[in-house]
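Single-structure report; data block below.
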Protein chains: 4
Amino acid sequence: MKNIGIIGGTGYTGRELARILSVHPEVRITAMTSRQNAGTEVSDLQPNLKGYVNLKFTENIPDSADVDLVFTATPHGASMKQIPSLMEQGIKTVDLSGDYRFKDRKVYEKWYGFEHTDPENIPKAVYGLPEFYRKEIADAALVANPGCYATSAILAITPLVNTGLVEGSIFVDGKSGTSGAGMNPSPRLHHPACGESVIPYGIGTHRHTPEIEAVVKDVTSEDADVFFVPHLIPIVRGILSTCYAGLTEETTQEDIDEVYEKFYGKEFFVKYTEEPSIRSVVASNHAEVSAKVRGKNAVAMCALDNLVKGASGQAVQCMNIMLGFKETLGIGTPGLGV
Amino acid sequence: MKNIGIIGGTGYTGRELARILSVHPEVRITAMTSRQNAGTEVSDLQPNLKGYVNLKFTENIPDSADVDLVFTATPHGASMKQIPSLMEQGIKTVDLSGDYRFKDRKVYEKWYGFEHTDPENIPKAVYGLPEFYRKEIADAALVANPGCYATSAILAITPLVNTGLVEGSIFVDGKSGTSGAGMNPSPRLHHPACGESVIPYGIGTHRHTPEIEAVVKDVTSEDADVFFVPHLIPIVRGILSTCYAGLTEETTQEDIDEVYEKFYGKEFFVKYTEEPSIRSVVASNHAEVSAKVRGKNAVAMCALDNLVKGASGQAVQCMNIMLGFKETLGIGTPGLGV
Amino acid sequence: MKNIGIIGGTGYTGRELARILSVHPEVRITAMTSRQNAGTEVSDLQPNLKGYVNLKFTENIPDSADVDLVFTATPHGASMKQIPSLMEQGIKTVDLSGDYRFKDRKVYEKWYGFEHTDPENIPKAVYGLPEFYRKEIADAALVANPGCYATSAILAITPLVNTGLVEGSIFVDGKSGTSGAGMNPSPRLHHPACGESVIPYGIGTHRHTPEIEAVVKDVTSEDADVFFVPHLIPIVRGILSTCYAGLTEETTQEDIDEVYEKFYGKEFFVKYTEEPSIRSVVASNHAEVSAKVRGKNAVAMCALDNLVKGASGQAVQCMNIMLGFKETLGIGTPGLGV
Amino acid sequence: MKNIGIIGGTGYTGRELARILSVHPEVRITAMTSRQNAGTEVSDLQPNLKGYVNLKFTENIPDSADVDLVFTATPHGASMKQIPSLMEQGIKTVDLSGDYRFKDRKVYEKWYGFEHTDPENIPKAVYGLPEFYRKEIADAALVANPGCYATSAILAITPLVNTGLVEGSIFVDGKSGTSGAGMNPSPRLHHPACGESVIPYGIGTHRHTPEIEAVVKDVTSEDADVFFVPHLIPIVRGILSTCYAGLTEETTQEDIDEVYEKFYGKEFFVKYTEEPSIRSVVASNHAEVSAKVRGKNAVAMCALDNLVKGASGQAVQCMNIMLGFKETLGIGTPGLGV
């Protein structure tokens, strides 16, 4: 049994980590932090965890927690305050914020608007998408867990870009359930405002844009010029990214199918399907990818649960790899289907 | 043409008033107030009103507005600060808060937790449910517009109580769309929290309880002991109240149908139907009522749009009566159906 | 007062026509047809119309209806059986199906899979998008009312295409409420299947694709190569189309704003806005369009109510023009906002 | 490892059984039947099971399946055709239909409208609510798995009725997600009809009424006169039952809390909470119960996932008991929370 700490245990990704880890057969949660709720029983705030997590929030991870690995489920800008000390102590860490996702500190600073205060640890960080960085994750001290939209767009378009056939911009139309926007009430997330609507936002300015571009480039060695428009959809969990691209020449559906099968045919969590379905993957760590060509146009899609494969489930997948467990341990369950 | 002022023009009931009045053939809105947004174009905040309301929010109603009637769409406790001056100036007023709904000031103070600072004008106030107080509204200087849950429960149970057959408590199970909770974001109204749930709240303590009891008693001269549990439902507009009661003796469905037909057969806005449907009335000033008996048990139901017949539409219905217009003017449109 | 007939009165567009026309000040519905429900009171099937439509469904439009104009709210393929006789009788007609939307019969036959049995009347048909064909509609004997997705995409991209700057395909990501799919229950529209999901369908094969291409070409004289992917969204009413295009050269937001303002600045029903909102237009005949450029990429969006501006409201707008009424008569009401 | 068969593998409860059992550590599914889909891969119809269930539907359970226990996830009336043969072969069975829930065959026949063709096996059947019939289930050859509404109402009101204080009828207001109505598309379950509505149905005539009455009576030896009105709510999964009762005398909240704690304090799956939350239990086998008294009125509530604790999860809980496993095996996971 390994001991796990969660820094930032009250947000949606923190509580989702606790939900998953509380029934993981090879780890136990020995610390969950929360400044505001230090001293409160975790299950008083998160009643679904009653009987599963018997722990009080603490302000910091106590020595007694004796942690083997820590998840930082903290906001962008807050993680880089926590990581240096964890690295110094030699504690393996999976960070769920955007702070260590960029090799190029300048890109981070431009899109996030913060100065990066821990540039030293940036080179250590491995991007936590196991389907593309499995080996690197196994040896990493620090994993930068991908963004939810980014995961879906990268899984959707990487095989397509890898063909070298994409010409011009890739237009990523992201459609996300509201839990992706976090737990803080706001006018946009107020039910009467969003409950019967579809709300585009952050047009061309969303921070996952450079993340998608950099990772696709890194994996394929091809440039990807991404134009990304996220939309809020009135569902609680789930993302569907619909990604459009023009091709330099016509290709057949069979060729495209072969490309994608080659990428994902052996993956347990990512399935190449005829039609991607949020219901099929919701509450699971699975993603469904599909791609279609029509003449010189292509569309690639990916459906996943933004809180699982798009955040905490993927973080646990990375943890499994980092701690030498079977990659699917504790997360190998099917989506709800209905 | 009469001139209308709206005090509190940014909340959901204020903007719904503007939506309705902006196309009313016999009135024009000459003032809308908002402390926070004074100086802002109304349609900048409420883009659906662009082309319909050409007005800036003002802090108070200016003399130049020359108002014939004012709606106070202000929070409970705030209306009673506004009404005395309006009454003094002889301006007819429809108040959408709970401040003047109770003849007995003590009941108000107990349930709302405020001291009533304008007891003097309480006796002037007429309860704004035209189906039961049409004549009194015609002569009123001040109308206390009913609560949304209260309207639906009162319309549902009054004919039943009037039979004198009800024994014991009446259990009112209220189910409301989220717009009924107002425009301020809160953890409960946050989409990820309420979007796939049904949330009971204020069990036995909701302020519409004594309102229902007092009005039913006033109309029927029978006591009504109401136990009310409201529930938040993940729809934007609409209330369905399901009201249960035991009877002193068995009665037939035919007898009950006759009772309700007698009450509502001539009403334009309230229809006695086989099965009440929110879709049938949504976006309209209509309500659908139905009642069923099974042996010595009865259930009475009412569906309405909480922002229209449950608030601003009914307020305009009262205005029409107070200003001598046809009661249906500007609000005689069918529900969406789909 | 003009007399109006509705052929196909039980589907969603037929009943929406009845909802709108029942309170139109210058017309009365004198006939609604339904084969299956002939003899039934309209309001027994559509309870929201009780008190508004006092009419029984008939199998055909009776002579006694003495109609001045007829709406054919019949399925694709069925309208072209009805129109010849109406044209012969000299009855002005607005057809809500796709049967007369294509000047080129071959395009229709290819995408709809039917042989066109009334090629003779195709040349008479005017495409019923008043913002672009107002004058032609005024003189038309037959109007082909646009498709819902098509209306939103055409309104979004026409000004952009008109600049001549678009290069390559235009990717139209359509997001529609479920009422757009009609009243027949099906596995895809079953609430447990679609209620918490986003469902892409008809990828690159949806029939509105050639409609968008043809109309944009006709209006702008520029080619538009459209790749269209519709998605089902779990809302009842509303469409948001997000349309992506690459540009031959960089342009400024100011230039684009000017282009759109020139197109829509004088239009009452189409508003050029910062951010298109379904809530702002729902239950109204309004559409909101916006456009953004980022370097050599552009996105144009349009929000509307699929049953109103996307179908029956627009049909009534055409009727107003055809019968010489003010264009906004009976449909000049703001969207719900909330 | 035990071998499990599922008769009726395509409906919602059948596929939910497969979802749960596919990751259960002590059983494997060796047969799933479907008349219509015999020969089809299970995961072709239910893509969420790809990688989890490698099996083709068969028309009947083949001998090669060598089953230790069978679930009959068949419609009411169909199960009693299957059970006799299973009983004869000595195969332990959990039936998810209503066919064996009633000791009194006459009650079944009255409410279900079928003649019971297998009265012989009725006495063998144990009602599959482990919290009340744990010991009997352990020894049962045949378990009649409870209805979803029934489970929630029984868990809510049994402790209250057991006090002997209830007077008059118990009014059960059921609110269910749409998956409770099964997989067959119908006008009521069509998204445009139910997606923004709350729909009462089967008023006083729902078949779970006598089930609730009989079980509560059996457990408490007190009569329970239940008046039940179910409502369809636009969520996919989840039931909240709000149950109202008058009391013969006033009691305190402390007394009621003690009563409920005594009933459920040691139960793992049923939690007595301050406020029942569907989000807290969704996708899990947990139920949350709460009860409040106000003077001589009481309200008892229960939230659960209709497909898990309300159907297939509870069936697996029974299976665990019948096969001598730990009761929580394979179903001891927390609800989603968000």
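The values are calculated or read from the model by the stated rules, or taken from the named source; none is laboratory data. Worth saying up front: this structure is predicted, and the values here are computed from it rather than measured. All Cβ positions, glycine included, derive from the backbone under ideal geometry; neighbour counts span all protein chains shown.
Details
- Close Cβ contacts (under 7 Å, 6 or more residues apart or on different chains) running from residues in the stretch D:218-236 that are assigned by TED's automatic domain parsing to the domain that holds D:Ile157 and more than 27 Å from D:Val126 (Cβ to Cβ) to residues that are in a strand (DSSP E or B) and at pLDDT below 95 comprise D:Phe227/B:Arg294.
- Residues of the stretch B:189-199 classified as within 23 Å of the chain's Cα centre (by Cα), more than 7 Å from chain A (Cβ to nearest Cβ) and surrounded by 23 or more Cβ atoms within 10 Å (Cβ to Cβ), total: 1
- Scanning the stretch A:137-158 for residues being more than 14 Å from A:Glu327 (Cβ to Cβ) and part of a helix (DSSP H, G or I) gives a total of 11.
- Per-region count, the stretch A:1-57, residues touching a helix residue (DSSP H, G or I) at 6+ places or on another chain (Cβ under 6 Å) and without any contact (Cβ under 8 Å) to a residue 24 or more places away in the chain: 3
- C:Lys92, sole failed condition from (1) without any contact (Cβ under 8 Å) to a residue 60 or more places away in the chain; (2) of a type in the set (Lys, Arg); (3) farther than 25 Å from C:Pro230 by Cα: (1)
- Scope the stretch C:190-228; condition in a loop (DSSP other than H, G, I, E, B) and either farther than 30 Å from A:Gly177 by Cβ or among the basic types (Lys, Arg) (or both); matching residues: C:Arg207, C:Ser221, C:Glu222, C:Asp223, C:Ala224, C:Asp225
Table: residues versus (1) more than 14 Å from chain A (Cβ to nearest Cβ); (2) within 26 Å of B:Lys50 (Cα to Cα).
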| residue | (1), (2) |
| --- | --- |
| C:Tyr201 | no, no |
| C:Gly204 | no, no |
| C:Arg207 | yes, no |
| C:Pro210 | no, no |
| C:Phe227 | no, no |
| C:Glu261 | yes, yes |
| C:Tyr264 | yes, yes |
| C:Glu274 | no, yes |
| C:Ile278 | no, yes |
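- Condition broken by C:Gly238, with the remaining ones in (1) on the phi < 0 side of the Ramachandran plot; (2) within 11 Å of chain A (Cβ to nearest Cβ); (3) touching a Ser or Thr at 6+ places or on another chain (Cβ under 9 Å) satisfied: (1)
- Test result for D:Ser179, under 17 Å from B:Thr242 (Cα atoms), within 14 Å of chain B (Cβ to nearest Cβ) and in contact with a helix residue (DSSP H, G or I) (Cβ under 7 Å, 6 or more places away or on another chain): no
- Residue in the stretch D:31-40 that is touching a strand residue (DSSP E or B) at 6+ places or on another chain (Cβ under 8 Å), part of a loop (DSSP other than H, G, I, E, B), over 21 Å from D:Ala311 (Cβ atoms) and of a type in the set (A, V, I, L, M, F, W, C) present: yes
- The single residue among B:Gly98, B:Gly90, B:Gly77 that is assigned to a loop (DSSP other than H, G, I, E, B) and closer than 17 Å to B:Ile4 by Cβ turns out to be B:Gly90.
- Residue match in the stretch B:165-183 (condition: under 27 Å from B:Lys266 (Cβ atoms), out of contact with any Ser or Thr (no Cβ under 7 Å at 6 or more places or on another chain) and at pLDDT 95 or above): yes
- Within the stretch C:280-333, considering residues that are of a type in the set (Gly, Ala, Ser) and part of a loop (DSSP other than H, G, I, E, B), the one farthest from the other protein chains (Cβ to nearest Cβ): C:Gly324
- Flag if D:Val27 is within 14 Å of chain A (Cβ to nearest Cβ), closer than 28 Å to D:Val282 by Cα and modelled with pLDDT of 95 or more: no
- Restricting attention to the stretch A:75-117, the residues that are among the acidic types (Asp, Glu), under 20 Å from A:Gly128 (Cα atoms) and exposed (fewer than 15 other Cβ atoms within 10 Å of the Cβ) add up to 1.
- Some residue of the stretch B:136-145 being in contact with a helix residue (DSSP H, G or I) (Cβ under 8 Å, 6 or more places away or on another chain) and within 13 Å of another protein chain (Cβ to nearest Cβ): no
- Some residue of the stretch D:221-229 being of a type in the set (Ser, Thr, Tyr) and on the phi > 0 side of the Ramachandran plot: yes
- Evaluated against (1) among the hydroxyl-bearing types (Ser, Thr, Tyr); (2) crowded, with 17+ Cβ neighbours inside 10 Å; (3) without any contact (Cβ under 8 Å) to a residue 24 or more places away in the chain, D:Ser186 falls short on exactly one condition, (2).
- Number of residues in the stretch A:162-179 that are in a helix (DSSP H, G or I) and buried (at least 24 other Cβ atoms within 10 Å of the Cβ): the value is 2.
- Residues within the stretch C:32-57 that are surrounded by fewer than 23 Cβ atoms within 10 Å (Cβ to Cβ) and more than 13 Å from chain B (Cβ to nearest Cβ), tallied: 11
- Top-ranked residue of the stretch C:146-159 - restricted to ones that are more than 30 Å from C:Val67 (Cβ to Cβ) and away from chain A (no Cβ under 14 Å), ranked as farthest from the chain's Cα centre (by Cα): C:Pro159
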